[in-house]
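The structure appears right after this line, and notes come after that.
The values are calculated or read from the model by the stated rules, or taken from the named source; none is laboratory data. Everything numeric here is computed off the predicted structure, so don't read it as measured data. With ideal geometry, Cβ positions are generated from the backbone for all residues, glycine too; neighbour counts draw on all protein chains shown.
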Amino acid sequence: MKKIAFFICTIFALHVSHAQQKSNNQDSVTYADYERAVSRLKFSTSPLIANAIIDVPVWQKDSKKLTYTKYNINKQKVNVVVDLIKKSKIETLFVEDTTTKKTPEKTPPTVASPDSSKVAYVENYNLWIQDTKTKIKKQLTFDGVKDFGYATDNAGWQHSDNAIIKWSPDSKQITTFQLDERAIPDMYLVSTNVGHPTLSSFKYSLPADSILLMHQPVVIQTETGKLVCLKMNPDFHRGTNGDAFETTFGDAMWSQDGKELALASVSRDYKNVKIRIANTDDGNVREVFEENVATQYDGTPGDTINWHYLPKSNEIIWYSERDNWGHLYLYDSNTGKVKNQITKGDWLVVAVLKVNEKKRKIYFTAAGLQKENPYFESFCSVDFSGKNFKILTPEIGTHQIFISPDESYVADIYSQPNVEPISILRKIDGEKLMDLEKADLSNLKVTGWQPPISVKLKAADGITDLYGLLFQPPHIDPEKKYPLVNYIYPGPQIGSIFSWNFDANSYDNEALPELGFYVLTLNGTGTPYRSKSFHDKSYGDLSLNTLADQIAGIRQLSKIYPIDTAKIGIWGHSGGGFATACAMFRYPDFYKVGISESGNHDNRNYTDGWSDKYNGLTKNDNFATLANQLHAEHLKGKLLLAHGLMDDNVPPYNTFLVIDALEKANKDYDLIVFPNAVHSYRENQYYMMRRRWDYFVTNLLGRKHPNAFLIDPKSVETLKK
């Protein structure tokens with residue numbers, strides 16, 4: 001009897017143990033699940049994609065050879081040299097330089113002249129040059145002082161030690177500007193450290209400020225030192241491609257002989273652009289033409305300067321969206337009149353890559369020409385007259401184009417988000433010369449990787465087509481429904497999908513499905529690369545944030561895929577952080593969990609250039625109603641806020657305003673602070689990623705997560721802390 005009782009107790013205990021183990025597995029996302037998620041990150045997947053060019057192909061100056069880097073099928077990094085004459089390739093294993101190098105002495109960034117004989121740089125707020133052979137230095141300006149220096153780089157949200165200049169073609173002159181920041185208020189950030197903190201201050205204009213950064217264009221003759229101040233009022237620190245000049249004075253274009261300089265002057269609100277031509281000897285300036293726009297002038301859907309000055313023929317190629325699409329127009333630079341429209345149709349020019357004045361031909365990329373997806377980019381050419389328009393790359397997908405220095409050849413890398421890249425060599429007219437690479441995904445697929453699903457959905461208006469990518473969990477159980485995480489970046493300068501090329505490691509959109517989530521990225525209305533009217537949908541109300549479109553898209557997808565619309569999460573960084581908190585406050589019954597990173601929650605507290613362009617001036621528009629903190633009382637779900645306290649792009653006070661409002665409304669929230677981190681978080685990015693995974697697993701999936709899992713970019717085999 002005792003033996004029978006013991007046997008029954010043993011069987012019962014085993015049954016209970018098995019049931020508890022099964023329950024624990026159901027209640028927890030395991031360490032192994034997190035490891036699989038890590039296997040979907042860039043540092044894990046890159047070596048698994050064989051025969052895909054992984055950096056920018058580099059042409060030799062004589063255009064006879066092309067070099068690039070790739071991984072081979074054995075996961076080894078390889079250097080490739082292509083000989084165009086022999087139509088051959090030589091591959092050698094990449095050798096890492098492990099020698100210990102002396103830390104170079106810190107020197108200011110330099111800009112080389114076209115003939116490489118000189119470099120220019122900024123020192124003590126003045127412009128200098130140095131002879132590259134003799135190393136002799138020469139000071140070109142002498143009255144530059146703090147907050148009123150020459151060639152200085154500051155757009156408020158972005159600033160550096162770069163010299164913002166443009167050399168003349170003959171390397172004898174430089175055009176730059178004297179940037180006036182003297183009346184601009186400071187932005188302050190405070191370090192966290194042992195002992196007295198360091199107060200960091202920098203000039204940062206806000207939308208409500210009446211005085212902004214202004215720059216006075218000048219021309220300097222490097223041999224004589226003569227400085228010519230152009231006879232025009234100072235310009236707002238704006239450009240046809242935004243307010244961040246970064247490394248070059250892009251909206252200044254030289255004539256070949258250096259006697260003239262064409263300039264684009266953009267108004268504070270981006271509604272007016274004037275094209276001017278200056279005499280570089282006496283500084284006289286004449287206005288050629290202007291363009292006025294009801295909302296905002298956008299000279300490019302990306303970051304390319306798309307207008308060109310053609311002094312030999314007295315013409316200007318101009319980019320405009322006046323017919324609702326971004327197209328090129330040919331102007332007479334003497335009369336300021338339009339000679340003809342160069343490109344036309346329900347598609348847009350993305351980037352002008354080369355202008356051949358002799359052949360009167362333009363080479364450019366364009367979006368909207370492929371019926372499969374309007375975001376796919378083609379390489380095209382057209383005559384100045386608008387005739388002989390040709391699509392030079394007939395293959396489906398987005399084409400990345402790299403033109404040889406002699407403009408005879410192009411390296412073409414094309415792909416789709418779910419189709420591996422193919423690289424070929426063409427003549428400039430599109431004729432195929434030789435195959436370069438076709439990516440092999442076999443090493444990647446053996447790990448269980450699956451490509452995203454391209455989706456076409458309707459916007460909230462029920463009419464407009466939207467395009468996105470859906471990432472789905474592996475091994476879907478048809479009897480279950482799964483939560484969805486909505487990754488968002490609302491623009492307006494870019495959308496949630498930054499690139500429509502193949503990318504096996506887009507943020508952690510590929511990783512989150514391994515933890516049990518669908519992930520959706522969707523370019524909503526109000527974002528670029530479509531028509532002007534599409535892009536302007538959010539003008540004057542940035543709080544729209546494409547959210548109605550996102551919700552409409554998710555509801556449509558839930559009718560096709562097993563998505564649980566009662567468990568929808570959202571996250572984003574910067575503008576995406578703004579959109580995430582907005583979603584949690586304005587759509588609290590739809591979005592249940594949100595992670596808002598470094599959001600510009602009140603655009604009165606963000607840089608003037610971005611807000612002035614995409615929302616209008618504060619005197620004309622009610623910025624206050626758009627601020628997230630004014631709607632914080634409506635929070636119902638779980639919200640995690642994060643910010644770096646040394647963020648000089650979106651100052652952390654944006655998030656503090658939301659925190660203050662949540663506390664006053666007696667709302668619970670979660671917070672991660674990176675005391676010394678900038679906008680990108682840098683070394684803290686993987687900690688933030690892991691916390692993001694934990695937060696969604698706990699609050700959206702309703703399961704436990706591994707404790708203190710460590711995402712280690714230095715090792716594919718991630719270890720516990």
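Odds and ends about this structure:
- Filter pass, residue 422 being under 21 Å from the mean Cα position of the chain (by Cα), in a strand (DSSP E or B), aliphatic (A, V, I, L, M) and more than 21 Å from residue 522 (Cα to Cα): no
- Candidates in the stretch 455-513 are the residues that are among the polar types (S, T, N, Q) and under 20 Å from residue 593 (Cβ atoms); of these, the one that is surrounded by the most Cβ atoms within 10 Å (Cβ to Cβ) is 486.
- Total residues in the stretch 172-195, condition within 30 Å of residue 114 (Cβ to Cβ) and part of a strand (DSSP E or B): 8
- Considering residues of the stretch 444-478 that are among the hydroxyl-bearing types (Ser, Thr, Tyr) and within 17 Å of residue 551 (Cβ to Cβ) only, the residue farthest from the chain's Cα centre (by Cα): 464
- Among the residues making up the stretch 644-689, a single one is of a type in the set (D, E, K, R) and crowded, with 21+ Cβ neighbours inside 10 Å: 647.
- Residue match in the stretch 64-71 (condition: more than 28 Å from the chain's Cα centre (by Cα) and surrounded by 12 or more Cβ atoms within 10 Å (Cβ to Cβ)): yes
- Some residue of the stretch 229-252 being crowded, with 22+ Cβ neighbours inside 10 Å, at negative phi and β-branched (Val, Ile, Thr): yes
- Set 376, 384, 402: member being in contact (Cβ under 8 Å) with a residue 60 or more places away in the chain, surrounded by fewer than 21 Cβ atoms within 10 Å (Cβ to Cβ) and not acidic (Asp, Glu): 402
- Of the criteria (1) closer than 17 Å to residue 548 by Cα; (2) in contact with a strand residue (DSSP E or B) (Cβ under 9 Å, 6 or more places away or on another chain), which one residue 599 fails: (1)
- Any pair with Cβ under 8 angstrom, 6 or more apart, that starts in the stretch 265-287 at a residue that is over 23 Å from residue 312 (Cβ atoms) and ends at one that is among the aromatic types (Phe, Trp, Tyr) and assigned to a loop (DSSP other than H, G, I, E, B): 266/297; 270/297; 271/297; 272/297; 273/297
- Conditions (1) surrounded by fewer than 17 Cβ atoms within 10 Å (Cβ to Cβ); (2) at pLDDT below 95; (3) hydrophobic (A, V, I, L, M, F, W, C); (4) closer than 25 Å to residue 114 by Cβ: number failed by residue 211: (4)
- Some residue of the stretch 278-288 being surrounded by fewer than 20 Cβ atoms within 10 Å (Cβ to Cβ), modelled with pLDDT of 95 or more and at positive phi: yes
- The set of residues in the stretch 421-436 that are in contact (Cβ under 8 Å) with a residue 40 or more places away in the chain and surrounded by 19 or more Cβ atoms within 10 Å (Cβ to Cβ) comprises 421, 423, 425, 428, 436.
- For beta carbons closer than 9 Å, sequence separation of 6+ or different chains, a first residue in the stretch 94-119 that is on the phi < 0 side of the Ramachandran plot and a second that is modelled with pLDDT under 75, the qualifying pairs are 109/247; 111/247.
- Answer from 565, 580 - the residue that is surrounded by fewer than 22 Cβ atoms within 10 Å (Cβ to Cβ), outside any loop (DSSP other than H, G, I, E, B), out of contact with any Leu (no Cβ under 7 Å at 6 or more places or on another chain) and of a type in the set (Ser, Thr, Tyr): 565
- Residue 629 fulfils the conditions (1) crowded, with 20+ Cβ neighbours inside 10 Å; (2) touching a residue at least 40 places away in the same chain (Cβ under 8 Å) except for a single criterion, (2).
- Qualifying residue in the stretch 91-110 (condition: touching a strand residue (DSSP E or B) at 6+ places or on another chain (Cβ under 8 Å), surrounded by 15 or more Cβ atoms within 10 Å (Cβ to Cβ) and part of a strand (DSSP E or B)): no
- The listed residue being assigned to a strand (DSSP E or B), farther than 30 Å from residue 321 by Cβ and not assigned by TED's automatic domain parsing to the domain that holds residue 522, out of 436, 444: 436
- The condition (being at positive phi and exposed (fewer than 13 other Cβ atoms within 10 Å of the Cβ)) is satisfied by just one residue among 195, 156: 195.
- Selected residue (criterion: surrounded by the fewest Cβ atoms within 10 Å (Cβ to Cβ)) from residues of the stretch 690-704 that are closer than 15 Å to residue 31 by Cα and among the hydrophobic types (A, V, I, L, M, F, W, C): 697
- Only one of the numbered conditions (1) under 29 Å from residue 161 (Cβ atoms); (2) within 24 Å of the chain's Cα centre (by Cα) is violated by residue 269, and that is (1).
- Just one of (1) within 16 Å of residue 221 (Cα to Cα); (2) among the β-branched types (Val, Ile, Thr); (3) modelled with pLDDT under 95 fails for residue 95. It is (1).
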